[in-house]
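Note sheet for the following structure.
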Amino acid sequence: MSLTRVHNFAISLDGFATGEPQSLEAPFGHAGHRLHDWMFATRYWAPTGSSGVDDAFAQRFLPGIGAEIMGAGKFGPPGWQDDPDWKGWWEEDPPFHTPTYILTHRPRPSVEMLGGTTFHFLDVPVTEALAIAQEAADGLDVRIGGGPTVVRAFLAAGLIDHMHLVQVPILLGRGVRLWDGLEGLESSYDIETVSSPSGVTHLTFTRKTDA
């Protein structure tokens, strides 16, 4: 059975998954790279990185994934829809290697990249986007890649089966929060936490079988 998964999704202590304002020069706004320093230090990211608990979680990003869904804010900076040549932040070989669906109110023709990634642009509800991605995944799992608005929408619709969050010990104070409007979400999941020597805490949410 195909699962809908979230991996390596970092939030601050006050629940923000990105800062503000976002721009081409600052994709995460005033947060900079602080939400992701834990991952940059792993072997998953660089051959000279660590192989500890952070790496073990980071390595789960790719296996078993057949398609990805992300929001317009993850695909590019504000206004990217006005640039017909914009193909994402990741140059010619993005790290997804699957069909990847971008939710946007201004769809455009699909873009085929190197390494097996093809970007498709959809203006549909999250339930329909998931059905399209599941068909493309051909029995493998679908990853919800972010940003926080998209992850929140899939959680609110009850569509996430497994979620790996990384709570980073910083306070951002402003930006886009993940948890708004999701009161009581914990009742639908079994939640486990693992603390890392790097200072981050890994939280895994696995849907309860009776939820």
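The values are calculated or read from the model by the stated rules, or taken from the named source; none is laboratory data. Remember, it's a predicted structure, so these values are computed and weren't measured experimentally. Counting neighbours? That spans all protein chains shown, and the Cβs are built from the backbone with ideal geometry, glycine included.
The rows are residues; the columns are (1) touching a residue at least 24 places away in the same chain (Cβ under 8 Å); (2) over 21 Å from residue 22 (Cβ atoms); (3) part of a loop (DSSP other than H, G, I, E, B); (4) of a type in the set (Ser, Thr, Tyr).
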residue	(1), (2), (3), (4)
132	yes, yes, no, no
135	no, yes, no, no
139	yes, yes, yes, no
144	yes, no, no, no
151	yes, no, no, no
154	yes, no, no, no
158	yes, yes, yes, no
164	yes, yes, no, no
170	yes, no, yes, no
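Quick check on this structure: which one of 3, 24 is surrounded by fewer than 15 Cβ atoms within 10 Å (Cβ to Cβ), of a type outside the set (S, T, N, Q) and either touching a residue at least 24 places away in the same chain (Cβ under 8 Å) or within 24 Å of residue 126 (Cα to Cα) (or both)?
Of the residues listed, the single one that is surrounded by fewer than 15 Cβ atoms within 10 Å (Cβ to Cβ), of a type outside the set (S, T, N, Q) and either touching a residue at least 24 places away in the same chain (Cβ under 8 Å) or within 24 Å of residue 126 (Cα to Cα) (or both) is 24.
Testing residue 197 on (1) of a type outside the set (D, E, K, R); (2) surrounded by 13 or more Cβ atoms within 10 Å (Cβ to Cβ); (3) in contact with a Gly (Cβ under 9 Å, 6 or more places away or on another chain), one condition comes back false. Which one is that?
Answer for residue 197: the failing condition is (2).
Considering 182, 203, which residue is among the aliphatic types (A, V, I, L, M), over 23 Å from residue 75 (Cβ atoms) and assigned to a strand (DSSP E or B)?
203
Name every residue in region 42-53 that is surrounded by fewer than 16 Cβ atoms within 10 Å (Cβ to Cβ) and either part of a helix (DSSP H, G or I) or of a type in the set (S, T, N, Q) (or both), in order of residue number.
Matches in region 42-53: 48, 51.
Determine the pairs where a residue that is without any contact (Cβ under 8 Å) to a residue 24 or more places away in the chain, located within region 192-209, has a partner that is surrounded by 15 or more Cβ atoms within 10 Å (Cβ to Cβ) and not hydroxyl-bearing (Ser, Thr, Tyr) with Cβ atoms under 6 Å apart, the partner being 6 or more residues away or on another chain.
Once the first residue is without any contact (Cβ under 8 Å) to a residue 24 or more places away in the chain and sits in region 192-209, its partners that are surrounded by 15 or more Cβ atoms within 10 Å (Cβ to Cβ) and not hydroxyl-bearing (Ser, Thr, Tyr) give 193/203.
Hey, among the residues in region 54-70 that are outside any strand (DSSP E or B) and touching a residue at least 40 places away in the same chain (Cβ under 8 Å), which one's surrounded by the fewest Cβ atoms within 10 Å (Cβ to Cβ)?
64
Yes or no: region 103-113 includes at least one residue that is in a loop (DSSP other than H, G, I, E, B), modelled with pLDDT under 95, at negative phi and buried (at least 18 other Cβ atoms within 10 Å of the Cβ).
No, because not a single residue in region 103-113 is in a loop (DSSP other than H, G, I, E, B), modelled with pLDDT under 95, at negative phi and buried (at least 18 other Cβ atoms within 10 Å of the Cβ).
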